[in-house]
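Have a look at the structure below, then the notes.
The values are calculated or read from the model by the stated rules, or taken from the named source; none is laboratory data. Keep in mind that what you see is a predicted model, and the values were worked out from it rather than measured. For neighbour counting, all protein chains shown are included, and Cβ atoms are generated from backbone atoms with ideal geometry for every residue, glycine included.
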Amino acid sequence: MSRSRTAARARSRTAAFTLDGEVASPARLTVGDLRTRWRQRRADVVFHCLKAGPQPHSFSGPLLRDVVADAGPVFGGPGRKARAGFVLAVDGGDGHGTVLSWAEIDADFGNVPVLLATDMDGRGLEAEGAQLVVPSDHCGARYVSAVTAVRLTGWPRVAALMARELPAAAAPRTGRRAAAVSGDGE
Ligand SMILES: Nc1nc2c(c(=O)[nH]1)N[C@H]1C(S)=C(S)[C@@H](COP(=O)(O)O)O[C@H]1N2
Ligand SMILES: [Mo]
């Protein structure tokens, strides 16, 4: 995110994010909440940016999965199959965001220890806000900083939203999309 935006948030000293979507108990959480209410983990990572090169960082904070689980995800069924269709949208509040599938972080599927980091390189993120940490990612783009929202939604709602928002039977543009997959400068 831009330095000026980071500075503006830092001045407020009370960064928080909303956790909502298909959950029984939506919440607004600060970095202090993340630090005190869930077991803390550590992740020493190197993520790579095409512009800025390799970025080694040490993060700590709770597992994203633990935090979302406490909001009471409404998976629509008790089994693994019901959980398999869910996605998490993570907003950086600055025009950048990302999605993860619930299955990536679910212990019965990908079991990736994705964090909502409260600390980076020994420095608390209270002022700017929590940072998403995806230790299994090579690229830095999902290390979303200053998280403002985490939303959970799933099948069949996600399919209904797509059907409503996307034009039906859009012409495939495979050549152009394939070219954008690598070498896009970020
Ligand atoms: N909120 C926010 N987080 C973001 C980005 C962004 O534009 N906004 N860029 C991502 C990208 S592409 C990279 S490589 C890393 C860069 O992190 P750094 O600026 O700490 O090196 O942040 C990621 N997190
Ligand atoms: Mo990047």
TODO: Within the range 43-69, track down each residue that is free of Cβ contacts under 8 Å to residues at least 40 places away in the same chain, surrounded by 14 or more Cβ atoms within 10 Å (Cβ to Cβ) and not aliphatic (A, V, I, L, M).
DONE: 66
- [ ] Sort out for me the helices (runs of 4 or more DSSP H) sitting completely within the range 40-157 that have 1 or more residues that are among the charged types (D, E, K, R) and closer than 25 Å to residue 181 by Cβ.
- [x] 102-105
TODO: Mind listing just one residue for me: the one in the range 138-160 that is of a type in the set (D, E, K, R) and more than 10 Å from ligand 1 (Cβ to nearest atom) and, of those, nearest to residue 71 (Cα to Cα)?
DONE: 151
Task: Count - residues of the range 93-119 that are within 16 Å of ligand 2 (Cβ to nearest atom) and either in contact (Cβ under 8 Å) with a residue 60 or more places away in the chain or aliphatic (A, V, I, L, M) (or both) - done: 2
- [ ] Identify, from the list 16, 69, 27, 52, the residue that is under 18 Å from the mean Cα position of the chain (by Cα) and closer than 16 Å to residue 144 by Cβ.
- [x] 16
Task: Unmet criterion (only one of (1) under 17 Å from the mean Cα position of the chain (by Cα); (2) more than 16 Å from ligand 2 (Cβ to nearest atom); (3) crowded, with 17+ Cβ neighbours inside 10 Å) for residue 75 - done: (1)
Open item on the list: For residue 75, only one of the following conditions fails: (1) free of Cβ contacts under 8 Å to residues at least 12 places away in the same chain; (2) away from ligand 1 (no atom under 16 Å from the Cβ). What is its number?
Closed with: (1)
- [ ] Can you tell me which residue among 37, 123 is among the basic types (Lys, Arg), modelled with pLDDT of 95 or more and within 19 Å of residue 20 (Cα to Cα)?
- [x] 37
TODO: Would you mind finding the one in 66, 70, 44 that is among the acidic types (Asp, Glu) and within 16 Å of ligand 1 (Cβ to nearest atom)?
DONE: 44
Open item on the list: Could you check the range 75-95 and list, in sequence order, the residues that are touching a Gly at 6+ places or on another chain (Cβ under 8 Å) and over 30 Å from residue 15 (Cβ atoms)?
Closed with: 76, 82, 85
